[in-house]
Amino acid sequence: MHNSVTINAPALRMIRRPADLTTALARPLASALLVAGALGVARAEDIDLKKPQPQGLTRTPVKIDLPPGGRVMEFSKWKTVIPPNDVVGEVKPGMFCTENRELQYTKNIDQWLHFSVEKAFKAEAVRYGFSTPEDAISVFDDKGSNGADYRVGATLMAFDYRTCGNKDQSGSAWSKVKWEVFSVRRQQVVYSAVIENSFASTKDLPEKEFDTAVMTALVDNLLADPAFVAVIKSGGMAEAVPAQAQAALHLNAGQVVTGGVDQGTPRILAAVATVESGIGSGSAFYISQDGYLLTNKHVVGDDKFVRVKLSNGRSLVGEVIRVDKVRDVALLHTDPVGSEVLSLRTDAGTVGEVVYAVGSPYGQSLSGTITRGVLSARRVFEGVPFLQSDVSVNPGNSGGPLIDGSGRVIGMSAIKTEAQGINIFIPIDDVLDKLSLTLGASAAAAPSAAPATK
């Protein structure tokens, strides 16, 4: 899928920073704020220093036992919604703490917090068994299904830091953080929560020790969240609410593409479309001349209607008929298109045979792209079957078909890994099963379709 939510930053590593930030990043927070010139007048939307500091959670994680190889988690995304120069607390330097200095949020402080939270996350995740070291097994290693790959992101929504002292200081800190966990295997966010965090010390602590404790408390509240624990233990499945069984839907395929890739490529490309939703774009392919097509759930997001663009330039409104969130598949419906559709091959193919990926990498401008490779392996990751191929795919291919030389679909594009030549697809028989679909001579009644636009 091609959208702005792809999480691909370096993870659990000290990121490279400009030389002029090195000193600021090495300093404790209070010193860094003062060095940055973070003094100013509070505005109406700033923290009200006249009121008591908000109180958040102070939870302690429990060490957990994971399968051999553990889970590989990366802290890979940081952002803030705090506007520049907003007041985020106060420092009272000196022996008697009589001088009040307001602290403003700056770019340097944001980078300092990013660095500190990332460092604390790495240490605490390994300490409590949630993650293995950086050289741990990857889910895409050829070593079975004992690894998993998560990318963790944090959005700082509010921050209030109040201390008293010089080199040694006492005080408290409060923050509100939105945590999200992205499953690379499932290509979707499997955990999201807003957590308020508190740390306080009446005892004077060295500045660095105080700030380390603030960041550790922030991370520990995530690791102690029962919902987060359940997601990691389950391999990313715990958040999924058991779906009600979907009634079987019987579709009439109609006329399908014949002649294989050698003779039927233009008709194959005509059966593959670009899907544009509120969160980005991906690919889809028609399996019924009545207007039914398949794609990934993460391509359509939570939208009920999406834009479906055909290779001939025609634009249709597509209705999301049914989805399976856990398997990341969706069924769409448009007006009948008239052109031939793709046939399906449900034996998942033979390892070593030539296969082709078709889709719209990077959106409609590159629609109709077809690449060639081989079916490298059949994989089972934590009990879930996948196909592996070295065929080239890119963001925007999500939801597109993996076809054999005869032009029959054997899988749906799902995961582009960072490893060269390793891409993951959902077997087409599993797509049909999860959506309760069958293909045959007679079709179920089609829902009313939204109007087409030119």
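Using θ = phi - 60° and the Karplus form 6.51 cos²θ - 1.76 cosθ + 1.60, what ³J(HN,Hα) does each residue of region 428-440 get, whole Hz, x for Gly and Pro?
So the Karplus estimates, Gly and Pro as x, are 5, 5, 6, 4, 4, 5, 5, 9, 6, 10, 9, 10, x Hz.
Would you mind checking the pairs K77/K119; K77/K107; K77/K304 and listing those with alpha carbons more than 24 angstrom apart?
Flagged as over cut-off: K77/K304.
Could you compute the net charge surrounding T216? Neighbours are other residues with a C-beta less than 11 Å from the C-beta of T216; K and R count +1, D and E count -1. The partial results should precede the final answer.
Details: positive: K119, R127; negative: E124, E209, D211, D220.
Around T216, the charge tally is -2.
Taking one equal scatterer on every alpha-carbon of region 157-306, how large is log10 of I(q)/I(0) by Debye at q = 0.15 1/Å?
The Cα Debye sum returns log10 ratios of -0.95.
According to a simple spin-label model (label point 7 Å from Cα along Cα-to-Cβ), what is the distance in nm between D168 and V384?
5.2
If you take the beta carbon distance between S436 and T60 as r and set R0 to 30 Å, what does 1/(1 + (r/R0)^6) give as a FRET efficiency, to the nearest 0.05?
The pair S436/T60 has a calculated efficiency of 0.10.
With respect to the cross-link table entries K92/K208; K122/K203; K51/K203, which display a Cα-Cα separation exceeding 20 Å?
K122/K203; K51/K203
Quick one: M95, M215, fewest Cβ neighbours within 10 Å first, how do they rank?
M95, M215
Note down the relative contact order for region 267-350 as a percent, whole number, built from C-alpha pairs under 8 angstrom at least six residues apart.
32
What ranking, highest mean first, results for peptides 305-312, 247-254, 293-300 when packing means the other Cβ atoms within 10 Å averaged over each residue?
293-300, 305-312, 247-254
Just grab the label-to-label distance for K79 and D204, each label 7 Å out from Cα along the Cβ direction, in nm (one decimal).
Placing both labels 7 Å beyond Cα along the Cβ direction yields 4.3 nm.
Say R0 is 35 Å: what FRET efficiency, to the nearest 0.05, do T350 and N312 get from their beta-carbon distance?
E between T350 and N312, to the nearest 0.05, is 0.55.
What list of ³J(HN,Hα) values in whole Hz, one per residue of region 293-299 in order, does the Karplus curve 6.51 cos²θ - 1.76 cosθ + 1.60 (θ = phi - 60°) give from phi, with Gly and Pro shown as x?
9, 10, 7, 8, 4, 6, 6
Readers should treat all values here as calculations from the given coordinates under stated rules, not as data from a laboratory. Predicted model, so just to flag it, every value in this text is computed and none were measured. Cβ: placed from backbone, ideal geometry, glycine included. Neighbour counts: every protein chain shown.
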